[in-house]
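The values are calculated or read from the model by the stated rules, or taken from the named source; none is laboratory data. Since we're looking at a predicted model, the values are computed, not measured. Every residue, glycine among them, receives a Cβ derived from its backbone with ideal geometry; neighbour counts consider all protein chains shown.
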Amino acid sequence: MSKCTPTSAIRPIAGLLAGAVALVSLVNLAAAASVGGLNRVSTGDPFTGCTADKLANQPGTKFPATEIEPYVAANPLNPRNVIAVFQQDRFSDGAARGLVGAFSRNGGADWARTIPGKVTRCTGGPYIRASDPWVTFSPNGAAYFMQLAVGAKPADGSNGPNVMLVSRSTNGGGAWGAPITLIRDTDPQLFNDKNSMTADPNNSNFVYAVWDRLQGFLAEEERGEGGEEGVAAVLPSGRDGVSMTRDRLRAIKAGRLDMTARAATATAAAELPPKGPTLFARTTNGGTSWEKYKVIYDPGVLFQTIGNQIVVQPNGTVIDIFTEINNANGATRLGLVRSFNRGKSFETSPHFIAAQNFSLTGTITPNFGEPVRDAAILFDSAVDPSTGALYVVWQDTRFRTVDEVAFSTSIDGGLTWSDPIKVDQTPANAYFLREQAFVPQVEVGPGGIVVVTYYDFRNDRNAGGELTDHWAAFCDPRVSNCKNPASWRNEVRLTNRPFNMLNAPVAGGHFLGDYMGLARAGSGVLSVFGIADGVNKTSAYARRINFGAAADVAAAQ
């Protein structure tokens, strides 16, 4: 300080400095994060000895010892009790031999296997394959496990069933009750797909299930645009709704498929109108029974939804967020409908968030140009349990022409949304394919900190593989404007070392899952994600992201 500085100015300057230090401390408090150990969730292949599902003409390539598409939830009564669920032994042409879970009672450090029974033949049930694992906890500690299952075609050649099933656990995932069927279709023109489930955080009696139901030729595989001939001999033709929808959209955008012309020539007596409405079911008695499913949003002929997810605001508003697809021109956009009476009824007109931009190739590996099955046309959503702020992330090509992570937020219950911004921290690279970021998830951590996870190729070095890592980035809306990309400068690495994406099995591209798991668990957030740890082999791993005193000290040092 200069000798001529007036004494009267010292205290105000000192006060400003103290305030600045306090602000820096608060920023450090918000930004600081530490990670725990990397722990394997999946423990071997429980279906190694299963012969019940063997069929001489079952199509596709089976990938034993693969754990695909993990999801995770934490028990509100005991955040150290967490459950992760995933596909076990994935097939190249859709679904897996069964869905498996693992539960932990120490926050994800150690895991024990748990399998909801009576679903696929390898779990003592009637169905041939299962997919789309999802788990949620009610405030009273009850857990719900939802899955899509498909059955083999019977001897008379009629179509096998596709069903949505829910199992419940009342002991933290240690055991599961018999599955309850929410819907069962055998008509080959109907296919239920891409389910999710959300327990109402305000009332343990209510749990909400949601999915899309493709009908007409939208439920059929487009021969020549993906998939194998001969599949119809065993499985329903629409065995992988996400993969065939993406193939269809890329064919439309490339001018190789005219869905409008096909719809015009369809015979009403032979085909249902081609569309994909959103279906919804709920329990109002804690899972003892479920109400009959109903349509809560019908986008119309040649339109469909996909990836529906329910979030519940602290004021009780139930919001279904979805991707809406225009199969006439290939356009996609994010939208939502709301319920103000716990799902009894929903708004008749949707609100829209943003357009989605996706490439004709999707994510491809930097060196060999091999396709990666990513989260294009999908999204993830989260709600702040204190403020009700809504967050959505998705893959988008609007920033640097390659797939990256877009983010938007709403603070008025979903009526208006911020302009999409890029939030992944994948750095610029002279080789643009190393700028790709894919399969994003979002969660609200302690104190409202927003956490976004994703994969990228930044550490790839032309070393003969396709080196891939998993990351988490953060923003604290208490001290930063999360609508500003500069507020997302903080990042931690969740993998210990890069893995080779080429080791991941091929199912519409090298496949780790359409989504990963990310859940608030006490004073931190637990990420459960896939790593390709062998040739045609993937495993689910968990890593805890901690916020609090330990992380703050580490940041200060």
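The table that follows gives values for the structure above.
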{"quantity": "Hits in segment 200-214 - residues which are crowded, with 24+ Cβ neighbours inside 10 Å and of a type in the set (A, V, I, L, M, F, W, C)", "calculated": "VAL207, ALA209, VAL210, TRP211, LEU214"}
{"quantity": "Candidates VAL372, VAL393, VAL337, VAL318, filtered to the one that is touching a residue at least 40 places away in the same chain (Cβ under 8 Å), closer than 20 Å to CYS482 by Cα and buried (at least 18 other Cβ atoms within 10 Å of the Cβ)", "calculated": "VAL393"}
{"quantity": "Unmet requirement for ALA354, which otherwise passes all of (1) at pLDDT below 95; (2) buried (at least 19 other Cβ atoms within 10 Å of the Cβ)", "calculated": "(1)"}
{"quantity": "Options THR365, THR283, THR278: the member that is at negative phi, crowded, with 18+ Cβ neighbours inside 10 Å, of a type in the set (Ser, Thr, Tyr) and touching a helix residue (DSSP H, G or I) at 6+ places or on another chain (Cβ under 7 Å)", "calculated": "THR365"}
{"quantity": "Residues being under 18 Å from LEU518 (Cβ atoms) and out of contact with any helix residue (DSSP H, G or I) (no Cβ under 9 Å at 6 or more places or on another chain) - total across segment 451-486", "calculated": "7"}
{"quantity": "Selection from segment 164-197 of residues that are over 20 Å from VAL100 (Cα atoms) and either touching a helix residue (DSSP H, G or I) at 6+ places or on another chain (Cβ under 8 Å) or basic (Lys, Arg) (or both)", "calculated": "ARG184, PRO188, GLN189, LEU190, PHE191"}
{"quantity": "SER131 within 21 Å of PRO46 (Cα to Cα) and either in contact with a Leu (Cβ under 6 Å, 6 or more places away or on another chain) or surrounded by fewer than 24 Cβ atoms within 10 Å (Cβ to Cβ) (or both)", "calculated": "yes"}
{"quantity": "Scan of segment 44-62 for residues that are loosely packed, with under 15 Cβ neighbours inside 10 Å and under 25 Å from PHE529 (Cα atoms), ordered by number", "calculated": "GLY44, THR48, THR61"}
{"quantity": "Conditions (1) surrounded by fewer than 16 Cβ atoms within 10 Å (Cβ to Cβ); (2) closer than 27 Å to GLY216 by Cα; (3) touching a residue at least 60 places away in the same chain (Cβ under 8 Å); number of the one not met by LYS294", "calculated": "(3)"}
{"quantity": "Lone unmet requirement of (1) within 21 Å of PRO420 (Cβ to Cβ); (2) crowded, with 22+ Cβ neighbours inside 10 Å for ASP476", "calculated": "(2)"}
{"quantity": "Flag for ASN459 being farther than 24 Å from PRO76 by Cβ, surrounded by fewer than 19 Cβ atoms within 10 Å (Cβ to Cβ) and touching a Leu at 6+ places or on another chain (Cβ under 6 Å)", "calculated": "yes"}
